[in-house]
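The values are calculated or read from the model by the stated rules, or taken from the named source; none is laboratory data. None of these values were measured; they are calculated from a predicted model. Cβ coordinates were reconstructed from backbone atoms using ideal geometry, including for glycine residues, and neighbour counts include every protein chain displayed. Just the protein is used for accessible areas: all its heavy atoms, side chains included, with ligands, DNA and RNA removed. Shrake-Rupley method; radii C 1.70, N 1.55, O 1.52, S 1.80 Å.
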Amino acid sequence: MSAKIILTITEGSIKGQQFIFEERTTCVIGRSHDCYPQLPNDQAHRTISRYHCLLDINPPDIRVRDFGSKNGTYVNGQKIGQRPANQTPLQAAHLNFPEYDL
């Protein structure tokens, strides 16, 4: 049996939705139409950036990296990345944030 990653949404309007990854892939989580998984682009999800974080998936391993999001990305309650308040998303795109194993 091959390994797979199952990402399950635990809160919000899409609670319970699952994304299943069975092979090596990278994806960007955010509100933008070209993100996968795409989160709703509504008032309840405004703390999530259009391009929030990157997942590097190689089942059973997964790594996450913040993409210079406005509010940061958290892993087990610890903030792993956030752009400085005075930077635009375009400026933050040129920064290199570290990756973290999940």
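Inspect all residues belonging to the stretch 32-44 and state whether any of them is out of contact with any helix residue (DSSP H, G or I) (no Cβ under 6 Å at 6 or more places or on another chain) and of a type in the set (Gly, Ala, Ser).
Step one: list which residues in the stretch 32-44 are out of contact with any helix residue (DSSP H, G or I) (no Cβ under 6 Å at 6 or more places or on another chain), which gives 32-38, 40-44.
From what's left, of a type in the set (Gly, Ala, Ser): 32, 44.
The answer is yes; a qualifying residue exists.
So, of the residues in the stretch 1-14 that are over 21 Å from residue 81 (Cα atoms) and among the hydrophobic types (A, V, I, L, M, F, W, C), which turns out to be surrounded by the fewest Cβ atoms within 10 Å (Cβ to Cβ)?
My answer is 1.
Given the conditions (1) under 23 Å from residue 12 (Cα atoms); (2) open to solvent by less than 70 Å² (accessible area, probe 1.4 Å), report the number of the one that residue 79 does not fulfil.
With (1) under 23 Å from residue 12 (Cα atoms); (2) open to solvent by less than 70 Å² (accessible area, probe 1.4 Å) applied to residue 79, the lone miss is (2).
Look through the stretch 23-40, keep the residues that are among the hydrophobic types (A, V, I, L, M, F, W, C) and in a loop (DSSP other than H, G, I, E, B), and return whichever of them is surrounded by the most Cβ atoms within 10 Å (Cβ to Cβ).
Applying the filter and picking the extreme gives 39.
What number of residues in the stretch 1-58 are touching a strand residue (DSSP E or B) at 6+ places or on another chain (Cβ under 9 Å), farther than 16 Å from residue 73 by Cα and among the small types (Gly, Ala, Ser)?
3
Yes or no, residue by residue, for (1) touching a residue at least 40 places away in the same chain (Cβ under 8 Å); (2) within 22 Å of residue 92 (Cα to Cα); (3) not basic (Lys, Arg):
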{"site": "11", "(1), (2), (3)": "no, no, yes"}
{"site": "14", "(1), (2), (3)": "no, no, yes"}
{"site": "24", "(1), (2), (3)": "no, no, no"}
{"site": "30", "(1), (2), (3)": "no, yes, yes"}
{"site": "35", "(1), (2), (3)": "no, yes, yes"}
{"site": "44", "(1), (2), (3)": "no, no, yes"}
{"site": "48", "(1), (2), (3)": "no, yes, yes"}
{"site": "62", "(1), (2), (3)": "yes, no, yes"}
{"site": "74", "(1), (2), (3)": "no, yes, yes"}
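The rows are residues; the columns are (1) among the acidic types (Asp, Glu); (2) surrounded by 13 or more Cβ atoms within 10 Å (Cβ to Cβ).
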position: 16; (1), (2): no, no
position: 21; (1), (2): no, yes
position: 42; (1), (2): yes, no
position: 54; (1), (2): no, yes
position: 57; (1), (2): no, yes
position: 67; (1), (2): no, yes
position: 70; (1), (2): no, yes
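In the stretch 25-45, what residues are under 15 Å from residue 14 (Cβ atoms) and of a type in the set (D, E, K, R)?
31, 42
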